[in-house]
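Worksheet: one structure, shown below.
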Amino acid sequence: MLEVLVATTVLTAGIAALAQLFAMSTRANFSAKLTTSATVLAQQKMEQLRGLTWGFDLVGLPLSDYTTNISVVQETPTGGVGLTPSPLDSLERNVDGYCDFLDRYGASLGGGETPPPGTAFVRRWSVVPLPSHPTTTLILQVVVTPARDRRAGPAAGTRLPDEARIITARTRKAQ
């Protein structure tokens, strides 16, 4: 009888440990899914930014796209900010022209400052001229985070859980 009681206790302890492990792995898988989705959405926006005109024409004059609206589903050639330098805090708050909202499947819900119903991800970007070469080089950053108030989190520039951040430099090239 004592042997059965000891065996039952050991079995119960083992099952309890497995249940805890199962719960932890479920949370980790959900977090990994969010981070992967955020990374893909950040890469999509970075490709849009990199696709905007930033070069020189045939006689060497700078060509810059300052009007394309990339915060709408089908980007439009006018009505946006293109590669216009962004406000310094455009990665921490929703700034019209430098932010869009996405549903849980990654479909765009439009841009603006206020997230519409159904927003699962907030995608923000910044365009900053490189201080040492402001006319030829831009620093592009994209941050995608699950919908929440980023200002309530850690200091600016700190990566939050389930968030993706992509940074690149873009230099003018001759056409």
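A few remarks follow.
- Restricting the range 122-175 to residues that are farther than 18 Å from V95 by Cα and charged (D, E, K, R), the residue that is modelled with the highest pLDDT: R170
- From the options L11, L41, residue that is part of a helix (DSSP H, G or I) and modelled with pLDDT of 90 or more: L41
- Top-ranked residue in the range 122-148 [being assigned to a loop (DSSP other than H, G, I, E, B) and within 14 Å of the chain's Cα centre (by Cα); ranked as farthest from W54 (Cα to Cα)]: R148
- Counting only strands (runs of 3 or more DSSP E) wholly contained in the range 49-121, the ones carrying 3 or more residues that are of a type outside the set (D, E), modelled with pLDDT of 90 or more and closer than 23 Å to T36 by Cβ occupy 99-102.
- Residue list for the range 76-111, filter: without any contact (Cβ under 8 Å) to a residue 40 or more places away in the chain and at positive phi: G79, G82, G97, G110
One line per residue, one yes/no per condition, for (1) among the polar types (S, T, N, Q); (2) free of Cβ contacts under 8 Å to residues at least 40 places away in the same chain:
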residue: L11; (1), (2): no, yes
residue: L21; (1), (2): no, yes
residue: T26; (1), (2): yes, yes
residue: S31; (1), (2): yes, no
residue: T36; (1), (2): yes, yes
residue: Q48; (1), (2): yes, yes
residue: L52; (1), (2): no, yes
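The values are calculated or read from the model by the stated rules, or taken from the named source; none is laboratory data. Since we're looking at a predicted model, the values are computed, not measured. Cβ: placed from backbone, ideal geometry, glycine included. Neighbour counts: every protein chain shown.
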